[in-house]
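Data first, discussion second: the structure below is written as structure tokens.
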Amino acid sequence: MTSENNDDHKETPNHSQHSGDEFWGHDLYPERRGTKSRNFMSTLFMKEGREIYDKSRCEKMVYDCAMKHPLVKLMMMALKSSGCPVDLRRNFSCETCDSLVTGGYDTELNQIVICQNNIRRESTAASVLVHEMIHMFDFCRHKMDFKNIDHLACTEIRAANLTYCSFASAVVDGDASFWDVKNRHQDCVKRRAMLSVLAARAVTVAEAAEAVNRVFNKCYKDLEPIGRRIYRPREHMDQALLDASYFYTDK
Ligand SMILES: [Zn+2]
């Protein structure tokens, strides 16, 4: 089992998911659009060799996460049970991305992008996979329209709630009260969701914040399919997987 720590999250900036024509608005994923430059010098020297190395290391991390990480396994089980089974080769793609992002979800191809050049650790890969699989789950379950900023804000709230912010809140001062943790957690979710909306859409900070606030209460309460916030990674992840196995069959 892979455990999370706070360092991972500092390395994990905004994830973006996109839809339709706007998908590559910020050109964060040059391999997708085929805009990545190839030239003789980069082939001759080490750049392409480095990319091949990064890709195979990334693919191994994704495979290991799918085999071992409780939340990745849980998400795969929930997706399959909801009629959207995940095939590692078809639905996950390791690619070279802009340095700003670690992952993304392409609704058109139903594919999760894992940014091989920005992910060095398996625990970071697991965070990215779970985050993006929550978007995949929302797209599968509700056929969400990610062009609708409220839908986008909602799925980003859910992803931050169930992954990054819960892990971050797990590392709290010994004397932090329940209310401190709760408020800190909600602030974290709002901030992360807003940053993710801003990364994916050309909107103002105020527009992103308004969208997050409009849907916050409803979407913050929706913990499916993990069923809980993971404050103690080791125990809670294992328990979440066990609980989920009663609801989501692997068949
Ligand atoms: Zn996201």
Boolean, Asp98 is charged (D, E, K, R) and touching a residue at least 12 places away in the same chain (Cβ under 8 Å): yes
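Is it true that His151 is over 23 Å from Ala66 (Cβ atoms) and either within 15 Å of the ligand (Cβ to nearest atom) or surrounded by fewer than 23 Cβ atoms within 10 Å (Cβ to Cβ) (or both)?
Yes, satisfied.
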Of residues in segment 168-198 being surrounded by fewer than 18 Cβ atoms within 10 Å (Cβ to Cβ) and under 18 Å from Asn217 (Cβ atoms), the one modelled with the highest pLDDT: Arg191
Conditions (1) within 16 Å of the ligand (Cβ to nearest atom); (2) at pLDDT 75 or above; (3) assigned to a loop (DSSP other than H, G, I, E, B): number failed by Cys84: (1)
Yes/no for Ile119 being under 19 Å from Thr163 (Cα atoms), surrounded by 24 or more Cβ atoms within 10 Å (Cβ to Cβ) and at pLDDT 95 or above: no
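Just need a number here: residues in segment 200-221 that are surrounded by 14 or more Cβ atoms within 10 Å (Cβ to Cβ) and either of a type in the set (A, V, I, L, M) or assigned to a loop (DSSP other than H, G, I, E, B) (or both).
Filtering segment 200-221 for residues surrounded by 14 or more Cβ atoms within 10 Å (Cβ to Cβ) gives 200-201, 203, 207-212, 214-216, 219-220.
Restricting the remaining residues to those that are either of a type in the set (A, V, I, L, M) or assigned to a loop (DSSP other than H, G, I, E, B) (or both) gives 200-201, 203, 208-209, 211-212, 215.
Residues meeting the conditions: 8.
Within segment 87-98, take every residue that is in a helix (DSSP H, G or I) and either touching an Asp or Glu at 6+ places or on another chain (Cβ under 8 Å) or over 25 Å from Gly227 (Cα atoms) (or both) and give me the one that is farthest from the ligand (Cβ to nearest atom). Step through it out loud before you land on a result.
Within segment 87-98, the first condition is being in a helix (DSSP H, G or I), and the residues that meet it are 88-91.
Restricting the remaining residues to those that are either touching an Asp or Glu at 6+ places or on another chain (Cβ under 8 Å) or over 25 Å from Gly227 (Cα atoms) (or both) gives 89-90.
On the way: Arg89: 23, Arg90: 21 Å.
By that ranking, first place goes to Arg89.
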Among the residues listed as Val113, Val101, the single one being more than 9 Å from the chain's Cα centre (by Cα), surrounded by 19 or more Cβ atoms within 10 Å (Cβ to Cβ), in a strand (DSSP E or B) and within 14 Å of the ligand (Cβ to nearest atom): Val113
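Residues Cys140, Cys165: which one is away from the ligand (no atom under 11 Å from the Cβ), buried (at least 24 other Cβ atoms within 10 Å of the Cβ), modelled with pLDDT of 75 or more and of a type in the set (A, V, I, L, M, F, W, C)? Let's see the steps before the verdict.
On the way: Cys140 fails: buried (at least 24 other Cβ atoms within 10 Å of the Cβ).
Only one candidate passes the filter, namely Cys165.
The values are calculated or read from the model by the stated rules, or taken from the named source; none is laboratory data. As the structure is a prediction and not an experimental result, all values here were calculated from the model. Methodologically, a virtual Cβ is constructed for each residue, glycine included, from the backbone with ideal geometry; neighbour enumeration extends over all protein chains shown.
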